[in-house]
Amino acid sequence: MTKSIRLALAGLGLILLFVLGVRTGRQTKAAEARDQDKTAITAVLNAQQAAWNRGDVDAFLVGYWHSPELTFSGTSGVSRGWDGVMARYKKNYPDQAAMGRLDFSELEYRFLGPEAALVLGRWHLDREKGDIGGVFSLVWQRFPEGWKIVHDHTSAVPR
């Protein structure tokens, strides 16, 4: 092999290592960003669970997008707008006894891009008048103030 071919191959090898290093670095940064996003969304869910368990529907709703475009789908149909979602929660859960103790579990995160995510999971209410629970799918969007739920589909599922 001639010296020029060896130099060309060495140069090509260095270029390949650089490209792979840059790509791996980007993948690592993307994975770190996803981990940070997952942590931020989990923090909102934890705050919602704590607010619910205190009987504070207003604080629970802080995790939702405060917009007329917010939607909630459930067994009683679709509620539209932040005011409509709030009215639904306050009607269905008028006091601490009706609210019970909330637990989220089996959370799955699927990022739909850098600004959107889908979170699937289970919910359970431990109440004196009888436990209920089910599944949910939450569509999240990143806003300047943080991640917010823009659509909630919650269904009761008998155990």
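None of the figures in this text is laboratory data; all of them are computed from the coordinates on show. Owing to the predicted nature of the structure, the values given are computational and were not obtained by experimental measurement. Every residue, glycine as well, gets a Cβ built from its backbone with ideal geometry; the counts of neighbours run over all protein chains shown.
Summary table below
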quantity: Complete set of residues in region 37-70 that are within 26 Å of Asp95 (Cβ to Cβ), of a type in the set (S, T, N, Q) and under 16 Å from the mean Cα position of the chain (by Cα); calculated: Asn46, Gln48, Gln49
quantity: Top-ranked residue of region 122-152 - restricted to ones that are in a loop (DSSP other than H, G, I, E, B) and of a type in the set (D, E, K, R), ranked as nearest to Leu45 (Cα to Cα); calculated: Glu145
quantity: First in region 35-63 and farther than 15 Å from Ile149 by Cβ, second anywhere and exposed (fewer than 15 other Cβ atoms within 10 Å of the Cβ) and hydrophobic (A, V, I, L, M, F, W, C), Cβ under 9 Å, 6 or more apart; calculated: Ala50/Ala59; Asp56/Ala50
quantity: Qualifying residue in region 104-118 (condition: touching a strand residue (DSSP E or B) at 6+ places or on another chain (Cβ under 7 Å), farther than 30 Å from Asp35 by Cα and small (Gly, Ala, Ser)); calculated: no
quantity: The lone exception for Ala33 - which of (1) surrounded by 13 or more Cβ atoms within 10 Å (Cβ to Cβ); (2) in contact with a Pro (Cβ under 8 Å, 6 or more places away or on another chain) it fails; calculated: (1)
quantity: Region 127-142, residues that are over 17 Å from Ser73 (Cβ atoms) and without any contact (Cβ under 8 Å) to a residue 24 or more places away in the chain; calculated: Gly130
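Here's the yes/no breakdown for (1) in a helix (DSSP H, G or I); (2) out of contact with any helix residue (DSSP H, G or I) (no Cβ under 7 Å at 6 or more places or on another chain); (3) touching a residue at least 60 places away in the same chain (Cβ under 8 Å):
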| residue | (1), (2), (3) |
| --- | --- |
| Ser79 | no, no, no |
| Asp83 | yes, yes, no |
| Leu107 | no, yes, yes |
| Leu112 | no, yes, no |
| Leu120 | no, yes, no |
| Thr154 | no, yes, yes |
